[in-house]
1. Of the residues L670, L656, which is part of a loop (DSSP other than H, G, I, E, B) and under 24 Å from K404 (Cβ atoms)?
2. Of the residues L62, L38, which is open to solvent by less than 40 Å² (accessible area, probe 1.4 Å), in contact with a Leu (Cβ under 7 Å, 6 or more places away or on another chain), part of a strand (DSSP E or B) and among the hydrophobic types (A, V, I, L, M, F, W, C)?
3. With over 15 Å from D567 (Cα atoms) and in contact with a Pro (Cβ under 9 Å, 6 or more places away or on another chain) as the only criterion, which of L643, L637 stands out?
4. Run down D697, D711 and say which single residue is among the acidic types (D, E) and open to solvent by 40 Å² or more (accessible area, probe 1.4 Å).
5. What helices (runs of 4 or more DSSP H) lie completely within the range 731-830 and have 1 or more residues being modelled with pLDDT of 95 or more and open to solvent by less than 50 Å² (accessible area, probe 1.4 Å)?
6. Which one is nearest to A698 (Cα to Cα), of the residues in the range 136-166 that are among the aliphatic types (A, V, I, L, M) and in a helix (DSSP H, G or I)?
7. Restricting attention to the range 447-505, which residues are modelled with pLDDT of 85 or more, open to solvent by less than 10 Å² (accessible area, probe 1.4 Å) and either farther than 18 Å from T397 by Cβ or in contact with a strand residue (DSSP E or B) (Cβ under 6 Å, 6 or more places away or on another chain) (or both)?
8. With the range 360-413 as the region, which helices (runs of 4 or more DSSP H) entirely inside it contain at least 1 residues that are closer than 19 Å to A428 by Cα, open to solvent by 10 Å² or more (accessible area, probe 1.4 Å) and free of Cβ contacts under 8 Å to residues at least 40 places away in the same chain?
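The values are calculated or read from the model by the stated rules, or taken from the named source; none is laboratory data. This structure is a prediction, so every number in the text was calculated from the model and none was measured. We place every Cβ from the backbone using ideal geometry, glycine too, and count neighbours over all the protein chains shown. Just so you know, the surface numbers come from the protein's heavy atoms only, side chains and all, with ligands and any DNA or RNA stripped out. Shrake-Rupley method; radii C 1.70, N 1.55, O 1.52, S 1.80 Å.
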Amino acid sequence: MRRIAILLFLILALTLALSGCSALTSEEQPVSVDWLLLESGSTLGQTFVADYDGLAGVNLQLSPQSPGNGEIVLHLRTDPQSPDDLAAASLPLQAVTDAGSYGFHFTPQGGSRRQYFYAIIEINGEGSVQVGGASGDSYLDGSLYRDGAPAEGQLSFELAYSRRLAGLGLAREAVNWGGSLALGVFLFILPGWGLLSLLWPGWARRAWGEKLGLSAGLSLAIYPLLMVWTNLVGLQLGALYAWLPPLAGLGSVVWKSVAGWKVGKLKVNHLQPFDRLRAGSSTLRQAQGRLFKFHHFLPEIVLGIVIALLFAARFWAARTLEAPLFGDSVQHTVMAQLMLDNGGLFDTWQPYAPYRTFSVQFGFSAYAALLGWLSGLSGLKAALIAGQLINGLAVLTIYPLATKLANGRRWAGVMAVLAAGLLSPMPAYYLNWGRYAQLAGQAILPAALWLVWETIDDREQETGDRKTLAIGGLLSAAALAGMMLAYYRMPFYYAAFILALLVGWGLPNFRLDWKRWLRAAGLLVAVGSAGIILFLPWGLRLVGGNLAYAVEAGVAAGSPLEGVLADYRAWRELFDYVPAWLAAISLAGIAWGVWRRQWMIAAQALWVALLSSVIAGSLIHLPGANLMQNFGVIIALYLPIGLVVGWMAGEIGSRLDNHPWQRALLALGLLTAAIWGAWSQRDIANPANFAILTRPDARALAWVRENTPEDASFLVEGFRVYGFSAVGSDGGWWLPLLTRRAGTIPPQYAILNEAPIEPDYTQRMVKLVELLETVTLNTPEGIRLLCDEGITHIYIGQKQGRAGFIATQLYSPEELLGTASFRLLYHEDRVYVFALTPEVCR
């Protein structure tokens, strides 16, 4: 046996050694649809961003053209302007005998992760070769260069890395992820944990998974409320928002722990010596029994591993992103930066947009600002990290609700977290849309539902006193109000679940228990009233705003039947957002629940049905119903699916209580599924379709910030939506935030909800986009449009106005190059900055 162990160890060591010698290859731009000629006296180049440490080579698609005794030399540099090589590699021209991939390997570059590089190739000597290339939009973070100048297109290339240096770099990244997670625990776990440990009866007896989920949900609800009420009395606490609640929570936890330890010690001290010894021996035997009954801890062990995989998958998905993705991320990040700038809530969007009111949902932006205060990160980087933290917490908060639904069975909570977090593409896919407001609301929702369910449950009322009910009611109200501040549509999700809960209560005997209903209704009215009071200071900001007008319009006129039917067509794409096999399992679980008369499981289907029916309520003028979307319901189905699938796992696990080996097999199966789920989600980010800001944009905007006047006003690409609004369609949409220069496309939240400083500003900007759909810039009419709006510069981003599924380019570089009216100031990669010649506006 010992020899076998030594042999296995040697095999493992040899495998690791050999893998350390081989290169890790990453396909950056594998498409090759064109051949570019490289001959002596000319150069081809490619800018790119490395994804790992230890960059050790560039592989290019080459094909022989004309033979010669020359060699192909690749120079690696920091950027196209640098004359100095970081490294160089060569390949004899004669070695290119067939079309294929050829490697240029050089000394590994330590610290290359997320660094921008420029690779330039030339031929020394006689001969020529063809180099594979593709269209300009086939790669985001760089561009083709011809003879040192940027050109439209990309080379076809792969990057090779030293496995050892890449592995060390990933280890450092993991440490950074751990640091981000620690900040998340400090900010989004400690406040709720401290409050619940102080106030909630029986908190110490709850499983740590329940504590974690409830603490996260309540913590997320606390911060928006704190900001609203401190702002009401004129306090802007700044970084103290990020320090006071967690420190208060930590103090509460420590105080309760010390108090509990003193009580326990006092009880032991009152025992006689023999009794103390017997108590100690009993405790030791109990500990030994728990140790030997290892299988009883399997749910907690599996839960811990699932949580680790969950957050690792979330951080990995975002590791190569330059900024949060898609349009919603722009407004959330701008709001987060404004909170950082103003020390809390604000009234004006300046200097990033000319709007003078602030009335939109802001929970997620507050979380990003908190992270920024604590870490020193900018609003942009803080929003990117906060998005992944909240994404993980939105799954974690399901655990206590799932265990309650399954009568305390821990396997139910484990499976619910696994199904929602790693087996379902939602909410992980929210990363691509930047749909962080809904995500923030749904992160609070399960905890808010657990709190109110515990409060109105008649079993709790029979054993609890008025103080206990008051505590439950106030915490439920705080969770409800904080959830509304995070996402205005959440009351519909909340109310639909409560209605399904009440119906589930009445089904066991196929009749309604009116006494129980009335008792619960009274508590619900109290919770709702308290929640409204807590929300009221912010709700007053909505009076007279665009959101209030939208609700009023829906009540007055309703929604056309065609619009409602069109909204329901979103269900045709159900399986684009929910795996068919997972939906089938959940439907089987509901059927099983009905068969076993587990009506709260059946009520999950009713929850979905009620929620989906809200939009139809707009036909009968239901207030706010016109603001709902079935798409929003579909992408939130991971919640009821997780609860139902979790209940099924709880039922199975309960049948294995006295079968340790079968419980171990269940744990192994869940861990296998978790690993598979995490692996399948590693590439869930889709920047090719959803990125707006790229590295070339970030470099260009840094140049704009340093080299243009502070009063410069930029025309940026965009397109119209909803018929009355406009959104940006390349990196120019981020220009006001990253340069503090004016742009023509404000954040969408501002356009839709806020009052501009100039009353007609929004209409003018949307009209400008509409006119540019048909007017060419380099015409008298186009120039007059720019002059009338005081536009001095034009920005064209890496995506050149094509970021968005319905985006169409308003203007192209070719329209402006070489004209008397526009002067080229900057051109790197696919990014252009032009200045409007001052004389043309005189």
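1. Numbers: L670 fails: part of a loop (DSSP other than H, G, I, E, B).
Being part of a loop (DSSP other than H, G, I, E, B) and under 24 Å from K404 (Cβ atoms) holds for just one of L670, L656, which is L656.
2. Numbers: L62 fails: in contact with a Leu (Cβ under 7 Å, 6 or more places away or on another chain).
None of the others qualify; the one that does is L38.
3. Details: L637 fails: in contact with a Pro (Cβ under 9 Å, 6 or more places away or on another chain).
On inspection, the qualifying residue turns out to be L643.
4. Numbers: D697 fails: open to solvent by 40 Å² or more (accessible area, probe 1.4 Å).
Within the list D697, D711, the selection yields D711.
5. Values: elements: 735-739, 748-753, 761-772, 780-788, 813-816.
In the range 731-830, the matching helices (runs of 4 or more DSSP H) lie at 735-739, 761-772, 780-788, 813-816.
6. As a first pass, look at the range 136-166 and keep what is among the aliphatic types (A, V, I, L, M): 140, 144, 149, 151, 155, 159-160, 165-166.
Now drop any that are not in a helix (DSSP H, G or I), which leaves 165-166.
Values: L165: 27, A166: 25 Å.
So, considering only residues that are among the aliphatic types (A, V, I, L, M) and in a helix (DSSP H, G or I), the one nearest to A698 (Cα to Cα) is A166.
7. Correct list: I456, A500.
8. The helices (runs of 4 or more DSSP H) meeting that bar are 379-396.
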